[in-house]
Amino acid sequence: MTKRYAERTMMMPRTLTLLMLGGLLLAGCRGMQSEKPPVHPNQNMDYQERFDPQEANPFFADGRAMRPPVPGTVARGFLKADTRFYFGRTETGAYVERLPVAVTKEFVLRGRERYDIYCAVCHGGAGDGRGIIMVGNGGQGYGYTPAPSYHTDRLRTIEDGYLYDVIANGIRNMPGYAQQIPVADRWAIVAYLRALQRSQNAQEGDIPPSVLVSIQQGGSVSPDAGTSGSD
Ligand code: HEC
């Protein structure tokens, strides 16, 4: 027992030296150039039959290795069957007359917030086309195509779906905002556009009687007066 133990301990330095020498030899090969292919003991599926992206493949009739999705394929969660909501158009492709969502006070206020972020810089806080991009720089603007006012008969009577489409896809010199503004927010902005149009074209009947009296008496009215309706 004691003898074997002694033998083993005596062997230790020799094994260690051998191991270290081996390690040094292996490490010594790193970085050295060689014409021969490297030794590749563990294949690890490194070489296999496959096609690279965009590669040709005679197996298919169209000669492409990359297969297009089966016609009609829809990614999960991306089915936009509700054309009115997603595109502002009816099934036949006409613009919807009225926005396809319920309009609440919160919805319009959300629209105001989004409008002030995305649209007011050009179209102005009142929708009169006098945003900072148009009237800044000492009144001469920055050379951008003038943004029109929303307060024209044409835009007052135009379909809600048309306004939605302008926001999503842009129009002529105005860029589309589909990337920045999600679908529901686009409709909220449409609702707020309508409120803006009405605010700039208000009839006496639009003003709540209490506020009307205050105006007639020459008093000032806060912008939020009357917006709460029945609540
Ligand atoms: C960078 C400036 C700019 C921003 C921001 C902008 N617009 Fe415009 N908008 C324009 C210009 C310029 C036009 C006129 C385009 C043309 O006729 O070439 C226009 C036109 C319009 C029209 C009229 C389309 C018609 O048929 O005459 C509407 C409605 C409109 N914008 C709504 C919006 C809404 C809503 C937003 C916010 C989501 C917005 N715009 C953001 C510049 C802008």
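What the table shows:
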quantity	calculated
Ranked by how many other beta carbons lie within 10 Å on average, peptides 35-44, 140-149 from highest	140-149, 35-44
Cα-based helix-to-principal-axis angle, 2-29 vs the chain, degrees rounded to 10	60 degrees
Convex hull of Cα atoms in region 125-181, direction-averaged projection (nm²)	4.5 nm²
Order of PHE60, PHE85 - criterion: other Cβ atoms within 10 Å of each residue's Cβ, fewest first	PHE60, PHE85
Rule-of-thumb Rg ratio for region 90-204 [Cα; 2.2 N^0.38 Å; N residues]	1.06
Full-stretch length increase - LYS105, VAL135 - with 0.36 nm per residue and alpha-carbon distance subtracted	7.7 nm
Extension gain (nm, one decimal) between ASP153 and ALA94, 0.36 nm per residue minus Cα-Cα	19.2 nm
Over region 90-204, relative contact order from alpha-carbon pairs under 8 Å, at least 6 apart, %	34 percent
In degrees, nearest ten, helix 105-118 long axis to first principal axis of the chain (Cα)	70 degrees
The chain: proportion of alpha-carbon pairs further apart than 32 angstrom, %	55 percent
Distance in nm between pseudo-label sites at GLU204 and ALA81 (7 Å out along the Cβ direction from Cα)	5.2 nm
Using alpha-carbon coordinates, inclination of helix 160-169 to the longest axis of the chain, degrees	40 degrees
Gaussian network model of the chain, Cα within-10 Å springs - most flexible of VAL103, VAL70, VAL166	VAL70
Amide H partners (placed H, <5 Å) of ARG64, local residues excluded	ASN57
Placed amide H near ARG89: partners under 5 Å, 5+ positions off or other chain	ARG84, VAL96
Chain lengthening between PHE59 and LEU21 when straightened (0.36 nm per residue, less Cα-Cα)	8.3 nm
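Since every read-out is calculated from the coordinates, none of them should be taken as a lab result. Please read all numbers here as calculations on a predicted model, not as lab measurements. Quick reminder, even Gly has a Cβ in these numbers, built from the backbone with ideal geometry, and neighbours come from all protein chains shown.
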